[in-house]
Amino acid sequence: MSTGSYETVIIGGGPAGLTAGLYLCRSRIKTVLLEKQMTGGQAVNSPLIENYPGFPDGIDGMELTSLFKLQADNFGLETRNFEAVTSVDVTNGFKTLKTDKEEINTPAIIVATGRSPKKMGIPGEDKYMGKGISYCATCDGPLFKDKRVMVIGGGDSAVEEALHLTNFAGKVIIVHRRDELRASGYLQERALSEPKLEIIWNSEIREVRGDSVVEEAIIENNVTGETSEVPVSGIFFYVGNTPNSSFLSEMVELDKPGYITTDENLETSVPGIFAAGDVRSNPFKQVVIATGEGALAAMSAQRYLEKTGARAAYKGDAK
Ligand code: NAP
């Protein structure tokens with residue numbers, strides 16, 4: 001196993017991590033970004049991002065994050081895809097990260113690992129994963145051309161993805177546990193006027209049934225207690241997310257659901273470890289907020305390196 005050394009290590013290659021990389025490399029700070037999959041983060045699953053400034057007609061999430069990556073690459077960001085961090089150790093302020101491939105020493109870390117879709121844990125959910133059950137309408141929507149599909153949840157993700165699914169499916173049914181959507185007003189307006197979209201209110205999915213693939217969902221009305229069997233070929237779950245922070249083994253302070261808490265400069269409870277983007281304890285999860293936090297975390301990390309003298313030790317070694 002090889003050992004490397006960087007002034008800053010960024011963990012996670014979504015909008016926050018890529019922006020942090022851009023800022024650090026532009027400041028000529030020797031940085032590596034480690035990403036357990038491919039860069040882009042959850043935003044790549046968004047077919048149309050309408051609220052990132054600078055793109056008045058909206059932009060595909062994959063395209064937007066590719067531009068983030070290109071801009072960081074232009075300043076020399078070193079990126080390692082498919083390299084997951086398994087542990088972080090801190091001794092006398094110096095950090096050692098272990099991945100499945102190497103060990104890296106660094107004085108500063110920016111955690112930008114985002115969130116993952118939450119599972120509901122209902123019967124049939126695991127069994128039909130990839131056989132009609134999905135957490136990504138952008139990836140799997142085209143498989144359901146002219147079919148009936150169901151979306152579970154009433155937030156921005158559920159409604160945005162349900163609207164996207166109307167481009168392929170013959171009918172899209174949103175099942176929401178209350179009588180009012182959580183999604184933003186503009187999305188609600190679009191959903192309520194979309195003829196291919198039906199909303200089943202005050203209802204929860206209890207089970208997914210089928211033979212070799214999804215055939216029906218068992219839905220319970222939580223006001224009347226009535227259950228019904230709704231025939232569908234696909235079910236997309238958007239019932240929230242869980243933070244990707246468990247690899248830190250609670251080394252830094254977390255809030256109750258597991259998001260990383262920071263001060264206003266995005267420094268965690270461990271000096272020299274910063275957090276940015278969706279993994280940070282912050283009620284608003286937006287690409288524009290993640291990029292802003294990536295920039296702030298990078299500038300705070302730079303200040304930390306200078307304050308502690310760690311920068312001087314690397315001068316001349318940076319790219
Ligand atoms: P969310 O806002 O947490 O919404 C989750 C939805 O799932 C809610 O409607 C919730 O119902 C429902 N739900 C949760 N647990 C459930 C359960 N056990 N059974 C049935 N339904 C359940 O999650 P999100 O939509 O993924 O959004 C997360 C964050 O990302 C938000 O801050 C959102 O604004 C942001 N986001 C923004 C955009 C955008 O700006 N374009 C796009 C996507 C996401 P209740 O409403 O009853 O709680």
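Bear in mind that the values in this text are calculations on the coordinates, not laboratory data. From a predicted model like this one, the values you see are computed outputs, not experimental measurements. Positions of Cβ are backbone-derived with ideal geometry, glycine not excepted, and every protein chain shown enters the neighbour counts.
Summary of computed values
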quantity: Proxy reagent accessibility, fewest Cβ within 10 Å first, across CYS25, CYS139; calculated: CYS139, CYS25
quantity: Over 23 Å (Cα to Cα) - which of LYS196/LYS285; LYS145/LYS196; LYS98/LYS256; LYS30/LYS307; LYS101/LYS285 fall in this group; calculated: LYS196/LYS285; LYS98/LYS256; LYS101/LYS285
quantity: Simple label model, 7 Å out from Cα along Cβ direction - ARG206 to ARG303, nm; calculated: 5.5
quantity: Base-10 log of normalised Debye intensity for region 1-136 (one unit scatterer per alpha-carbon) at q = 0.14, 0.19 Å⁻¹; calculated: -0.73, -1.06
quantity: Net length gained if the chain between GLU50 and ARG177 were fully extended (0.36 nm per residue, minus Cα distance); calculated: 43.1 nm
quantity: Kirkwood hydrodynamic radius of the chain, Cα pairs, Å; calculated: 20.9
quantity: Exposure proxy ranking, count of Cβ atoms within 10 Å, fewest first, for PHE144, PHE82; calculated: PHE82, PHE144
quantity: Size of charge dipole - region 133-237 - debye, nearest 20, with Cβ of Lys, Arg +1 and Asp, Glu -1, no other charges; calculated: 200
quantity: The chain, relative contact order in percent, only Cα pairs under 8 angstrom and at least six apart counted; calculated: 22
quantity: Farthest positive-ward along the chain dipole, Cα basis, beta-carbon charges - from CYS25, GLY141, ALA162; calculated: CYS25
quantity: Separation of the ALA84 and ASP146 label points, Cα + 7 Å toward Cβ, nm; calculated: 4.0
quantity: Net charge dipole size for the chain [Lys, Arg +1 and Asp, Glu -1 on Cβ; Debye, nearest 20]; calculated: 800
quantity: Cysteines, the chain, no other Cys beta-carbon under 4.7 Å; calculated: CYS25
quantity: Region 133-237: C-alpha gyration tensor shape, a/c 1.5 cut-off, then a/b vs b/c; calculated: oblate
quantity: Label-zone membership for region 132-176, site PHE284, 7 angstrom Cα→C-beta point, backbone N under 19 Å; calculated: 155-157
quantity: Antiparallel bridges, percent of DSSP beta bridges restricted to region 133-237 (to nearest 5); calculated: 45
quantity: Net length gained if the chain between SER184 and GLU250 were fully extended (0.36 nm per residue, minus Cα distance); calculated: 20.4 nm
quantity: DSSP bridge orientation in the chain - percent antiparallel, rounded to nearest 5; calculated: 45
quantity: Karplus 3J(HN,Hα) series, Hz, for region 110-117 with 6.51 cos²θ - 1.76 cosθ + 1.60 (x for Gly, Pro); calculated: 10, 8, 9, 8, x, 9, 10, x
